[in-house]
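The values are calculated or read from the model by the stated rules, or taken from the named source; none is laboratory data. As the structure is a prediction and not an experimental result, all values here were calculated from the model. All Cβ positions, even for glycine, are placed from backbone atoms using ideal geometry, and neighbour counts span all protein chains on display. Side chains included, ligands, DNA and RNA excluded: accessible areas come from the protein's heavy atoms. Shrake-Rupley method; radii C 1.70, N 1.55, O 1.52, S 1.80 Å.
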Amino acid sequence: MLRRKDVHPSLKRYTPDEIEIITDHKIYDLIEDPNDFMLTTNLWMLTVANLLITGRTLWVINNDPNRPELIPVPTTWATPIHDYANGKLNAKWSVKPPGSNDPAQEVDGALMLNAYFADPEDPLSCISMLQLQADAILASEAIGTAQRVSFKNEINPSMAVIVGDAATGDGKRQIRLEPAQRRQLIQWLRQEFAGAQKFGTPMIMDALVRDIKNLRKSPSEVGFLESDDATLKRIFLGFGVPLSSAGMTEGTN
């Protein structure tokens with residue numbers, strides 16, 4: 001039910017004699033109960049997602065008097081059909097889901113709501129927020145890929161274990177361990193010293209382990225964090241929404 005206080009402030013300056021506020025309309029009922037397989041939340045989610053991603057959102061309303069339905073149509077499913085003979089744009093819409101073997105269905109343009117962000121260079125065409133932020137989004141994706149690949153390819157040993165020497169005829173030389181022996185040594189070190197409960201446990205150096213060197217002087221950090229944060233802010237600003245809308249409360253008031 002639309003109340004006068006819900007009307008946009010620009011319309012409140014009109015008196016009841018100048019503007020009619022319709023408080024009961026079938027479109028309200030359709031939004032509250034759009035169809036048999038969708039809730040109002042799903043309707044608005046798909047509507048906004050289509051608008052921001054593709055720059056256009058489409059609603060189709062059927063003519064069934066027993067059960068009128070309002071269905072959001074993905075913009076990638078629909079193609080406008082213009083009636084050039086009568087000078088009418090979007091006279092019909094051809095709707096076909098991708099991968100469907102059924103023939104496309106034609107929907108009368110009067111039953112299709114076509115809302116879009118008009119392209120300043122072509123008012124009859126649309127432009128999407130995703131398209132405008134393509135550089136920032138691709139940069140963010142590249143940063144994520146670089147982080148994932150660095151985790152996969154990077155070698156980050158924290159300790160260097162120097163094994164003991166072996167006595168030979170010409171003097172001492174460092175023992176060369178076989179792969180199986182290396183795995184056994186690593187397993188032994190983990191069993192004896194790994195974990196928070198083993199913190200501070202002294203290690204006895206014997207003939208097997210001659211020395212241990214710390215290779216990591218400071219906590220390991222993943223790169224790209226600053227640039228990723230800046231890129232993320234660019235994307236949110238491009239869509240005109242605050243970071244807090246995604247649960248990021250840092251710096252908010």
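Numerical summary
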quantity	calculated
Å² per residue, accessible surface of the range 81-133 at 1.4 Å	71
Dipole axis of the range 21-171 (+1 Lys, Arg; -1 Asp, Glu on Cβ), positive-most option in Pro120, Ala104, His25	Ala104
Estimated FRET transfer efficiency when R0 is 22 angstrom, pair Asn62-Thr23 (beta carbons, to 0.05)	0.35
Burial order of peptide ranges 22-32, 74-84 (average beta-carbon count within 10 Å, highest first)	74-84, 22-32
For the range 38-153, size of Cβ-based charge dipole, Lys and Arg +1, Asp and Glu -1, in debye	360
Per-residue SASA entry for Thr201, accessible area with 1.4 Å probe, Å² rounded to 10	60
Counted charge near Met38, where neighbours are those whose Cβ lies closer than 15 Å (Asp, Glu -1; Lys, Arg +1)	-4
Sulfur and carbon atoms: percent of accessible area, the range 29-180 [1.4 Å]	56
Nearest-10 value in Å² for the accessible area of Val107, using the 1.4 Å probe	20
